[in-house]
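The values are calculated or read from the model by the stated rules, or taken from the named source; none is laboratory data. Given the structure is predicted, the values throughout are model-derived calculations rather than measurements. When we count neighbours, we look across all protein chains shown, and the Cβ atoms used for this are built from the backbone with ideal geometry, even at glycine.
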Amino acid sequence: MAKILIVEDEKAIRNVLRNILQDENKSFVISEAENGKIAIDLISKEEQDLILCDIKMAGIDGMEVLDFARKNSPETAVVMISGHGDLETAVESMRMGAFDYISKPPDLNRLLNTVRNALDRNNLVKENKSLKKKISKKYQMIGESAALKDVQEIIEKVAPTEARVLITGPNGTGKELVAHWLHEKSERAKGPMIEVNCAAIPSELIESELFGHKKGAFTSAIKDKAGKFELANNGTLFLDEIGDMSLSAQAKVLRVLQESKLSPVGGDKEVKVNVRVLAATNKNLKVEIAAGNFREDLYHRLSVILIKVPSLNERKEDIPLLTLHFAKEIAQDYGNAPKIFSEKALKALQEIDWTGNIRELRNVVERLIILSGEKVEEEDVVKFARK
């Protein structure tokens, strides 16, 4: 049910607007305010999906209502209602963040199209906000160990900067979580975060994937395609498992980092990009450099800041918190109540050598939830943890 507030000092126009909206959709919840003060009170008490607001009103006018709504309810779409002499002010309202304006007397089709578009936009904003919350929840960093807190402190200091970060650590430790938090807490958070798993892309395709290609550049290039660098423009590019990138691709990445521009495969025009690059690897890149598998100059470009993510064995005190978090998460996926883990079961989990790190722990927790009885006991851990 969409909540719509009509702010208009002329009762006849309020009635016309209400009737039009009710004819459009009986489920609309419509409120009315005959002046700006009442409108601000209503906006303060309850969030609206759409506000239709007259510009010229005695006392607090429509522009002040718009300013209040944008500051206090930024997701609400505001449509200004303008008289013929208010056109210049109506245009100014758009600059201030109004969704649109309509003229008096309101044209039926124009009004309804504006209302539909405004509500569609409002729904999209809510969906995006909900999705972002889900994404943030997915990338939570669970634990209170000193090793994890050290990583979190570095993230807080580094995220607001433009510094490139190289994230190291064994497989399954959560290097991608660090990358996501660096993006979420940066000035680029409103921009895209594009992820590339360098190990999963064949070496002959990595350059096309990163830099894009022009139609006809190779047999399967049937149309122009933007690369990951271009898609990440004004945002963050996360190069996961960069130690597996080919030397030729490394050379091109180095050039992009140096010059902030790239050339698509098969193209002769350069494309400027504004991208913050984060990289991660489970390899020792200094060993790879010595073996001739990784460029030393690229390493120094990427590793302005180094963040080493601790293995699970280095933060075993976090295992109880992680286990309970995964148990709750898995229960939600299955539509069940979270299964209880006994204190002895949690201690038994802490005694395991976690070669697969957090990823392995989550798998074990899910296995225990499925195979154990009403409560996960120590003997369940002994019996099922290493299956």
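Structure notes:
- Of the criteria (1) at pLDDT 95 or above; (2) within 20 Å of I142 (Cβ to Cβ); (3) more than 26 Å from the chain's Cα centre (by Cα); (4) crowded, with 17+ Cβ neighbours inside 10 Å, which one K347 fails: (4)
- Cβ pairs under 6 Å, 6+ apart, first in the stretch 353-374 and β-branched (V, I, T), second part of a loop (DSSP other than H, G, I, E, B): I358/G172; I358/G174; V364/A385; I369/K339
- Filtered residues of the stretch 1-19 (kept if within 38 Å of the chain's Cα centre (by Cα) and part of a helix (DSSP H, G or I)): L17, R18
- Out of F229, F218, F211, sole residue that is closer than 21 Å to E176 by Cα and either of a type in the set (A, V, I, L, M, F, W, C) or not assigned by TED's automatic domain parsing to the domain that holds H183 (or both): F229
- Within the stretch 317-335, considering residues that are among the acidic types (D, E) and free of Cβ contacts under 8 Å to residues at least 40 places away in the same chain, the one nearest to V381 (Cα to Cα): E329
- Summed over the stretch 156-182, residues that are assigned to a strand (DSSP E or B) and in contact with a Phe, Trp or Tyr (Cβ under 6 Å, 6 or more places away or on another chain) total 0.
- Among the residues making up the stretch 9-49, a single one is of a type in the set (K, R), surrounded by 13 or more Cβ atoms within 10 Å (Cβ to Cβ) and farther than 20 Å from F99 by Cα: K37.
- Residue check, V287 of a type in the set (A, V, I, L, M) and touching a Lys or Arg at 6+ places or on another chain (Cβ under 9 Å): no
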